[in-house]
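Below: the structure, in structure tokens.
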Amino acid sequence: MILLVDDDPSVTASLALLLKQHGYTSLSAATPDDAFALARRPDCALVIQDMNFSRLTTGAEGLELLGRIKTERPELPVILLTAWGSISLAVLGMKAGAADFVTKPWTNQQLIQSVRTALNLANSRGTSGDEPALSREELDARYDFGDVIGNDPRLLRLLQVVGRVAPTDASVLITGESGTGKELIADALHRNSRRRAGPFVKVNLGGIASTLFESEMFGHVRGAFTDAKSDRKGRFEVANGGTIFLDEIGDLDAGSQVKLLRVLQDRTYEVLGSSQTRTVDVRVISATNRSLPELVEHGGFREDLLYRINLIAVNIPALRERPDDIPVLARRFVRAVAHAYRRENLALSPTALAWLRRQPWPGNVRQLRQWIERATIVGARDVLEVEDFSAVAEMDPREASRDALPPVGSMTVDEIEKAMIVKSLKYHDGNITRVAESLGLSRAALYRRFEKYGISM
């Protein structure tokens with residue numbers, strides 16, 4: 001049973017009809033006290049609650065009711081209804097434990113998707129508490145994790161969460177350092193979802209200029225601007241029915257954040273140059289190597305957007321935190337490189353493998369792969385030795401600059417990033433393309449960091 005809480009009977013009647021059409025039963029309440037009494041019923045599986053009652057528009061009663069419900073039944077999911085201009089109330093509600101928020105006037109598709117997601121997540125969390133930790137073999141028997149390699153307990157716990165939430169439409173925020181494999185986790189979420197037969201569209205937001213954001217994401221019609229010589233589909237339209245992966249979302253500028261929030265909120269958008277509103281059905285997965293809460297604190301990221309993309313958070317451990325996986329990854333990369341370069345006898349010596357295991361890997365899995373490929377190109381032997389990797393390490397700006405940097409504990413993340421960019425610029429003699437590649441950034445993202453840190457060429 002779904003509990004509908006609103007002092008406007010036309011709202012609860014409309015919601016009840018919509019839910020009935022999709023196979024759900026509901027009850028309604030017009031006051032906080034009546035709502036709280038019904039929420040305590042064991043058969044109440046979900047609450048859809050307005051934030052304002054009677055003439056009060058501050059949301060105080062709504063927040064108080066939410067707090068009472070979460071205190072009495074912390075596992076009960078609550079979806080908040082709020083006006084677009086009062087999203088700050090919804091953010092407060094999300095902080096207080098709400099499962100999601102939907103703005104009025106809602107789109108039926110978005111509201112039903114939110115209901116399904118909240119119920120599916122509640123069911124998955126209800127069973128996860130009693131579910132024992134699964135081995136890699138058990139996980140692979142249940143799910144398709146493709147190229148996600150490793151047996152470290154932290155990685156296995158992460159994959160267990162991915163397996164549980166993949167069948168839902170919950171928005172997922174993947175965090176972790178550059179090179180840890182965020183795209184692989186996003187791909188695993190898609191391949192284990194009900195959308196697996198649909199498209200998986202990857203978007204590097206750090207590489208899209210703010211002036212091109214609407215055209216890239218929502219498309220344009222012919223004549224929308226000077227160079228628009230034909231209609232063009234946006235990324236959201238291409239991803240319809242599937243999953244859209246928004247990488248480097250922490251690099252998105254303020255204006256583009258507002259436009260993105262709109263489409264994520266109600267799944268509607270307008271093609272550039274057209275006044276027709278279109279609806280899209282997508283699952284949204286985002287990723288960043290930056291701390292979004294810190295960006296929110298300093299005004300660099302919208303808090304309401306953070307809560308919209310962060311229904312489920314997944315943090316990928318750095319490679320140095322799972323050293324036992326380094327030999328497994330290294331052997332896999334050697335096989336791949338050997339096949340690509342037609343050196344079928346290529347192998348790692350035990351000494352080289354032990355040496356690789358001791359390295360700090362600031363570039364994580366991506367750096368390990370790069371080193372093995374570079375060592376293969378530079379070295380002439382079939383068995384890669386420590387000296388082959390030592391030569392590669394001397395060419396890597398991440399390693400060359402490490403000893404010249406102050407201790408990490410004495411620097412902020414921004415200071416470390418600025419120092420690495422400056423060192424890489426010097427190492428590559430100002431070649432922007434090579435600097436961007438060595439740091440794992442797009443050229444556009446690198447230029448934005450120049451502006452952010454006041455770095456001049």
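Bear in mind that the values in this text are calculations on the coordinates, not laboratory data. Only a predicted model underlies this, so the values are computations on that prediction, with no experimental measurement involved. Heads up, the Cβs are rebuilt from the backbone with ideal geometry, glycines too, and the neighbour counts pull from every protein chain shown.
Basic side chains Lys and Arg get +1 at the Cβ, acidic Asp and Glu get -1 at the Cβ, and with that the dipole of the chain about its Cα centre reaches some 820 debye.
Against the chain, whose longest principal axis comes from its Cα atoms, helix 182-191 is set at around 50 degrees. On the principal axes of its alpha carbon atoms, the chain extends 78, 58, 45 Å, with the longest extent given first. Which of the listed residues, G198, Q265, T180, is farthest toward the dipole's positive end in region 143-317, when Lys, Arg count +1 and Asp, Glu count -1 at the beta-carbon? The Cα lying farthest towards the positive end belongs to G198.
By the equivalent-ellipsoid construction on the alpha carbon gyration tensor, region 238-382 comes out with semi-axes of 42, 20, 12 Å, ordered largest to smallest. Here the extension length gained between E270 and K202 equals 22.4 nm, from 0.36 nm per residue of separation less the Cα-Cα distance. Using the Cβ-Cβ distance between Q21 and S135 with R0 set to 45 Å, the FRET efficiency from 1/(1 + (r/R0)^6) comes to roughly 0.55.
Where both bridge residues fall in the chain, DSSP classifies roughly 10% of the beta bridges as antiparallel. Between E437 and A228, the distance separating the two model label sites (each 7 Å from Cα on the Cα→Cβ line) works out to 3.5 nm. Of the chymotrypsin sites (Phe, Trp or Tyr not before Pro) in region 326-364, the ones in a loop by DSSP (not H, G, I, E or B) with at most 12 other beta carbons within 10 Å are Y341.
Pairs of Lys residues in the chain that lie 8 or more places apart, or on two chains, and have C-alpha atoms under 14 angstrom apart add up to 4. Between T71 and S88, the contour length at 0.36 nm per residue exceeds the Cα-Cα span by 3.9 nm. What's the magnitude of the charge dipole for region 2-128 around its Cα centre, counting Lys and Arg as +1 and Asp and Glu as -1 at the beta-carbon? Answer in Debye, nearest 20. My answer is approximately 340 debye.
Principal-axis analysis of the Cα atoms of the chain puts helix 386-395 at an angle of about 70° to the longest axis.
Could you tally the net charge around P153, taking each other residue with its Cβ under 12 Å from the Cβ of P153, Lys/Arg +1 and Asp/Glu -1? So the environment of P153 carries a net charge of 0. Within the shell defined by Cβ-Cβ distances under 15 Å, the residues around S456 carry a net charge of +4, with Lys and Arg each +1 and Asp and Glu each -1. Across the chain, the relative contact order, built from alpha-carbon pairs under 8 Å that are at least six residues apart, equals 12 percent. In the chain, taking the dipole from charged Cβ atoms about the Cα centre, the farthest positive-side position among V221, I455, V378 is held by V378.
A Förster radius of 22 Å, combined with the Cβ-Cβ distance separating R358 from S390, puts the computed FRET efficiency at roughly 0.95. For region 143-317, the dipole from Cβ point charges (+1 on Lys and Arg, -1 on Asp and Glu) about the Cα centre works out to 580 debye, to the nearest 20. Length available on full extension from I112 to E344: 0.36 nm per residue minus the Cα-Cα distance, which gives 78.2 nm. As a ratio to 2.2 N^0.38 Å, the alpha-carbon radius of gyration for region 192-282 is 1.07. Loop sites by DSSP among the GluC sites (Glu not before Pro) of the chain, restricted to those with at most 10 other Cβ atoms within 10 angstrom, leave 76-343 as the longest stretch without any of them. Between E451 and R331, the modelled labels are 4.8 nm apart [label points 7 Å from Cα along Cα→Cβ]. Compactness of region 337-395 was expressed as the Cα radius of gyration divided by 2.2 N^0.38 Å, which yields 1.04. Computed from Cα positions, the angle between helix 108-128 and the longest principal axis of the chain comes to roughly 70 degrees.
For region 293-351, the residue among P317, P327, G299 whose Cα projects farthest onto the positive side of the dipole built from Cβ charges is P327. When every Cα-Cα distance of region 2-128 is counted in 5 angstrom steps from zero, the calculated P(r) takes the values 2, 11, 24, 27, 22, 11, 3, 0, 0 percent.
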